[in-house]
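Taking it in order: structure first as structure tokens, then the write-up.
The values are calculated or read from the model by the stated rules, or taken from the named source; none is laboratory data. All of these numbers come straight from a predicted model, not from anything done at the bench. Counting neighbours? That spans all protein chains shown, and the Cβs are built from the backbone with ideal geometry, glycine included.
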Amino acid sequence: MSFEKELREELRQAADSMYCPPELQERVQQSYQRYLNEKRGKSPMKKRLLASIAAAAILIPSAAFAASNLTDEIFGSSKKIEQRGGTQEDSQEIEGFLQAAKGKLADAEFKEYMELTKQLMQLKLKITDENGVTNEEKLTKEEQKQWRELATKLAPYFEKINGTAKP
């Protein structure tokens, strides 16, 4: 430890005896000032980043509860899903799929997709009993034809949403 103190003292004495031109001292001082400013600038950025992450963690779930559910637009309410043998998890899974569709489809496509899905789900609710069992024979011939047409129209949207669409 004493060796380090001696070395430090020798270096300090050597530095004191050196002559430093004023312009060099000014450049070093400016460079050091720039370094300090950059260092100070990074810390608030980290704080802002942490604050924005915390805000997102709080706001996103609250926005999800406040926003109207896409499943409600199709089924009327999640209670209708539960009446037909579905669970709250099924409702949330459908909502997640619809949110993904909203993100991957253009606005016009999404509106058409929602309308077709709503029509298809109205038919599906007709043929599904309280236990969640579907029986397509409950549909009339005209409704069965409509069922197939809706499924055909929705197929490209499902491919696009699931990422299996061919360019």
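Can you tell me which residues in region 16-30 are among the polar types (S, T, N, Q) and surrounded by 10 or more Cβ atoms within 10 Å (Cβ to Cβ)? Selection gives GLN25, GLN29, GLN30.
Within region 90-105, the set of residues being at pLDDT below 80 and either charged (D, E, K, R) or touching a Lys or Arg at 6+ places or on another chain (Cβ under 6 Å) (or both) comprises ASP90, GLU93, GLU95. One residue is enough: does region 44-64 have a residue meeting the conditions surrounded by 10 or more Cβ atoms within 10 Å (Cβ to Cβ), within 26 Å of GLN119 (Cα to Cα) and modelled with pLDDT under 75? Yes - at least one qualifying residue is present in region 44-64.
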